[in-house]
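Structure first, commentary second.
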Amino acid sequence: MTGGTSGIGLATARYLLARGHRVAIFGQRSASVESAVQILSSDFGSERLFARITDLAAPAEITTFFEDLRSCWRTPEILICNAGVSPKGPNGPTPFQTLTLNEWNDVLAVNLTGAMLCCQAVVPGMVAEKFGRIVFVGSLAGRAVPRIAGSAYVVSKAALSGLARSLVPLLTPQGITVNVVAPGRIATEMSGASSNETNRAAIARIPAGRLGEPEEVAAAIGFLTSEKAAFISGAIIDVNGGEYAPV
């Protein structure tokens with residue numbers, strides 16, 4: 001799982017470990033990886049946990065991560081692409097008119113290209129086993145009119161749905177499901193305190209009247225990785241408290 005060191009990713013790691021899975025995570029910052037390992041190991045031990053410092057924007061590091069993982073365990077049966085960056089300044093996201101090519105490329109390198117490279121790393125093994133689960137963590141921002149996120153983030157998250165759509169006819173016949181979970185505003189470190197101005201405005205728009213919890217998103221992700229979700233491929237599960245309801 002990418003982005004497994006905090007927020008939704010950490011909650012999902014806990015969910016899967018609690019159900020007997022072995023879980024491999026990576027993050028870019030050593031302090032975040034060390035903290036996640038300490039938290040997860042204290043509850044589940046270290047035998048079923050594999051963690052490395054890896055830059056998702058560096059293809060060679062992704063390759064090394066999966067090579068090390070296969071040498072330690074085996075090719076993963078489940079891939080969860082959760083990592084995402086959303087650059088913001090003191091006044092929020094960079095306005096589109098002043099968005100630089102470097103910022104655009106940096107966001108897509110992590111949020112989209114990194115997910116694609118992780119898929120390429122695991123799909124051959126999944127095909128060989130005739131089993132696999134791929135879950136992309138998108139965003140409400142990639143589904144509806146964005147109110148908070150910047151253009152690069154919105155495009156990257158919307159594009160994950162296109163990536164999933166392209167993989168469904170290729171991989172589902174091989175026993176590999178491909179789905180998307182699209183969270184709305186969730187109470188994580190990235191979103192900040194629920195009392196801040198941005199979150200107060202978000203809560204006013206959400207029919208549920210609150211921010212979501214990481215564990216609620218983790219439960220949706222976890223279900224899609226399960227045997228009971230074998231007939232679900234090409235779906236998007238919205239976890240947003242009713243803010244966006246395409247029914």
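The values are calculated or read from the model by the stated rules, or taken from the named source; none is laboratory data. These figures come from a predicted structure and were not determined experimentally. Note that each Cβ is placed from the backbone with ideal geometry, even for glycine, and that neighbours are counted across all protein chains shown. Remember, those area values only see protein heavy atoms, side chains included, never the ligands or the DNA or RNA. Shrake-Rupley method; radii C 1.70, N 1.55, O 1.52, S 1.80 Å.
A few points about this structure:
- All positions within the stretch 114-141 that are assigned to a helix (DSSP H, G or I), in contact with a helix residue (DSSP H, G or I) (Cβ under 8 Å, 6 or more places away or on another chain) and in contact (Cβ under 8 Å) with a residue 40 or more places away in the chain: 114, 115, 116, 117, 118, 119, 121, 122, 123, 125, 126, 127
- Where a residue in the stretch 33-61 is open to solvent by 70 Å² or more (accessible area, probe 1.4 Å) and its partner, wherever it lies, is among the aromatic types (Phe, Trp, Tyr) and at pLDDT 95 or above, with Cβ under 6 Å and at least six apart: 52/65
- Within the stretch 1-42, being closer than 19 Å to residue 216 by Cα and polar (S, T, N, Q) holds for 2, 5, 6, 12.
- Selection status of residue 193, farther than 17 Å from residue 131 by Cβ and open to solvent by less than 40 Å² (accessible area, probe 1.4 Å): no
- Every residue from the stretch 13-30 that is modelled with pLDDT of 95 or more, more than 12 Å from residue 83 (Cα to Cα) and either in contact with a His (Cβ under 9 Å, 6 or more places away or on another chain) or not basic (Lys, Arg) (or both): 13, 15, 16, 17, 18, 20, 21, 23, 24
- Of the residues making up the stretch 101-136, those that are open to solvent by 70 Å² or more (accessible area, probe 1.4 Å) and of a type in the set (S, T, N, Q) are 102, 105, 120.
- Restricting 151, 139 to those that are open to solvent by 20 Å² or more (accessible area, probe 1.4 Å) and hydroxyl-bearing (Ser, Thr, Tyr) reduces the list to 151.
- Residue 161 vs. criteria within 24 Å of residue 247 (Cα to Cα) and either within 16 Å of the chain's Cα centre (by Cα) or outside any helix (DSSP H, G or I) (or both): yes
- Taking the stretch 206-235 as the range and being in a helix (DSSP H, G or I) and either surrounded by 15 or more Cβ atoms within 10 Å (Cβ to Cβ) or in contact (Cβ under 8 Å) with a residue 60 or more places away in the chain (or both) as the test, the residues that pass are 214, 215, 216, 217, 218, 219, 220, 221, 222, 223, 224, 229.
- Any hit, the stretch 147-157, residues being at pLDDT 95 or above, under 19 Å from the mean Cα position of the chain (by Cα) and over 25 Å from residue 240 (Cα atoms): no
- Candidates 202, 220, 245, 235, filtered to the one that is of a type outside the set (Phe, Trp, Tyr) and touching a Lys or Arg at 6+ places or on another chain (Cβ under 7 Å): 202
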